[in-house]
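Working notes, beginning with the structure itself.
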Amino acid sequence: MKIWLDDIREAPPGWTRTYTVSQTIQLLRTGQVSELSLDYDLPETDPGHTGDEVLEWLKIRLAQGKLPAPVIHVHSINPYGSGKMAYLIGRMERHHGWQPMRVQRALPGMRPDGRRIRLADHLYARIR
């Protein structure tokens, strides 16, 4: 299963969209998630929560050996948030001894399929 956490942008084809941190964690608990793409800011659907909370939860479960490691993407256009999540992913790579390609970091604002998320698309999604 491929999970797309975002409060306003639609998921790419083949991905399951989640709107909140708790929905995302609930699906991760199944152990069936092969890829995970995270937005940082979630003010529309999960105020007060951010995508990095999913990474913090995942870091603990991976350290305990309770879940298989998914490929992780960051598609946030927030430079601070995407940088913070990239840092957390880097720490997870080092501490868990993953191969360098085990975790894939997209450039901020990039979808997992390699297409760029334009600011205009982001704003349009907010007003729909």
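Read-outs throughout are calculated quantities, based only on the coordinates presented, and are distinct from any laboratory measurement. Since we're looking at a predicted model, the values are computed, not measured. Neighbour counts are summed over all protein chains in view; Cβ atoms, including those assigned to glycine, are modelled from backbone coordinates with ideal geometry.
Numerical summary
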item	result
Stretch gain in nm, segment GLU35-ARG91, where the contour uses 0.36 nm per residue and the Cα spacing is subtracted	18.3 nm
Inter-probe distance in nm under a simple model that places probes 7 Å from Cα toward Cβ, at LEU27 and ALA63	2.6 nm
